[in-house]
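All remarks here apply to the structure that follows.
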Amino acid sequence: MRILKNMKKKQKIWKLITADRKFSKYILKRDKECQKCHTKNRRLTCSHFWVRQHYSTRFDPENCCALCIFCHVFDKDNWENDRLGEYEAYMRKKLGKKGYDKLKAKHFKFKSKREAILECMEFLKKNSD
């Protein structure tokens, strides 16, 4: 929390759209391919397992993966509409039971938009090349 207080004083906070863009870029660079179909030939997008409307997990890299636009939105079996099926199975395997349960609990905790953006800024600062 001390880091966030220091950042509030020294740094201008990003707009939400800027944080989303930079965080998505990080996820796409990290994953390099669609995590469902493993293609590298389609445009990649950042998918949030627990929906973006909850700031507590919006910028959590454990909550996100790269999906091609087809697997994210357009395929009849897209993961955007399959959070209780194949997408959940993928997340449980990726995170393990403990990690999945921790992320689920985090998702249901309140976090302000400002706090989420500040944490995103700090995370990307620490994890940039």
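The values are calculated or read from the model by the stated rules, or taken from the named source; none is laboratory data. All values reported here derive from a predicted model rather than from experimental measurement. Note: ideal-geometry Cβ built from the backbone for every residue, glycine included; neighbour counts use all protein chains shown.
Things to note:
- Any hit, region 43-57, residues being under 18 Å from residue 94 (Cα atoms) and part of a helix (DSSP H, G or I): yes
- If you go through region 60-91 and keep only what is of a type outside the set (A, V, I, L, M) and either in a strand (DSSP E or B) or in contact with a Gly (Cβ under 9 Å, 6 or more places away or on another chain) (or both), you end up with 62, 64, 65, 68, 77, 79.
- Qualifying residue in region 103-119 (condition: crowded, with 18+ Cβ neighbours inside 10 Å, among the hydrophobic types (A, V, I, L, M, F, W, C), modelled with pLDDT under 95 and in a helix (DSSP H, G or I)): no
- Scanning region 73-85 for residues that are more than 11 Å from residue 49 (Cα to Cα) and in contact (Cβ under 8 Å) with a residue 12 or more places away in the chain turns up just one, 73.
- Candidate set: region 15-40, residues that are of a type outside the set (Ser, Thr, Tyr) and touching an Asp or Glu at 6+ places or on another chain (Cβ under 9 Å); chosen: the one farthest from residue 99 (Cα to Cα): 40
- Extreme residue, modelled with the lowest pLDDT, among residues of region 1-20 that are charged (D, E, K, R) and in a loop (DSSP other than H, G, I, E, B): 12
- Residues of region 21-34 satisfying the condition of being in contact (Cβ under 8 Å) with a residue 12 or more places away in the chain and not hydrophobic (A, V, I, L, M, F, W, C): 22, 24, 26, 30, 31, 32, 33
Yes or no, residue by residue, for (1) touching a His at 6+ places or on another chain (Cβ under 7 Å); (2) crowded, with 17+ Cβ neighbours inside 10 Å:
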| residue | (1), (2) |
| --- | --- |
| 65 | no, yes |
| 79 | yes, yes |
| 89 | no, no |
| 96 | no, no |
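- Boolean, residue 45 is within 26 Å of residue 76 (Cα to Cα), out of contact with any Lys or Arg (no Cβ under 8 Å at 6 or more places or on another chain), modelled with pLDDT of 95 or more and polar (S, T, N, Q): yes
- Some residue of region 33-56 being among the hydroxyl-bearing types (Ser, Thr, Tyr) and surrounded by fewer than 16 Cβ atoms within 10 Å (Cβ to Cβ): yes
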